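Each value in this text was obtained by applying a stated rule to the coordinates, not by laboratory testing. Please read all numbers here as calculations on a predicted model, not as lab measurements. Note: ideal-geometry Cβ built from the backbone for every residue, glycine included; neighbour counts use all protein chains shown.
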Amino acid sequence: MKLVVVSAGLSSPSSTRLLADRLTAATLDRVDAATEVIELRELATEIAQHFVTGFPPARLAAALDAVAAADALIAVTPVFAGSYSGLFKSFFDLIDKDALTGKPVLLGATGGTARHSLVTEHALRPLFTYLRALVLPTAVYAASEDWGEQGLARRITRAGTELARFMSPAARDTAPAPDTAAAIAPRSPTGAITSTDPAHGFTIVPFAQRLAALQTA
């Protein structure tokens, strides 16, 4: 079992790499896997050369092969101009069109403000859906003010749990279920969802009856 982590952070240390490491740790708490981290800033020159020459240098070729051979992927990018970074997109532009088909992918992003928190949904998720990856339901965005907050820690734990379940049948059996709100709403005698529980003894007037009363009024 192999987990590949792609980090597009440009600095060292990097909040993007920190989020990638936290997501990796949360996953490995629940499933046993070999891990390889790919730092895209170390491959920036090779990526540009590949676009110009059409041939990947050895280090880049090894990184592309690692992503293709992985059982699961964690991909984290900093936010640039409201979207993923150019370096991040350039790397995945070089991935074979079938390499990610059906592969579980956990998405993460970092930014300086919470205003970019939907970047995982409007930019990252469509990209990996186009590549036919199996994008996990929970993506994690971390703004500067999120670090050290319990909310970020909970999202990381939930995301890592989801990825572990997709990686291993054993993990699916042993991993704790993520915290979720109650999913069952009270229903009326006609089956309609209502905010009033019939067990409390209240009389529920069906909507059709209410509508008929309005029409005759």
A143's amide H: which non-local residues (gap 5+, or another chain) put their own amide H closer than 5 Å, with H modeled 1.01 Å from N in plane and none for Pro or chain starts? G111
Pull up the cross-link candidates among the lysines for K89, meaning alpha carbon to alpha carbon under 21 Å and not fewer than 8 places away within one chain. K97, K103
Could you give the Stokes-Einstein D for the stretch 1-142 in µm² per second, using the C-alpha Kirkwood radius, 4 °C, 1.567 mPa s? 86
Describe numerically, in nm with one decimal, the distance between label points set 7 Å from Cα along Cα→Cβ at R41 and at D71. 3.1
Mean projected area (nm²) from the convex hull of Cα positions in the stretch 31-101 is 5.6
Highest mean packing first, using Cβ neighbours within 10 angstrom, the peptides 47-53, 90-96, 3-9 sort as 3-9, 90-96, 47-53
Separation between the Q150 and T101 pseudo-spin-labels, each 7 Å from Cα along Cα→Cβ, expressed in nm? 4.6
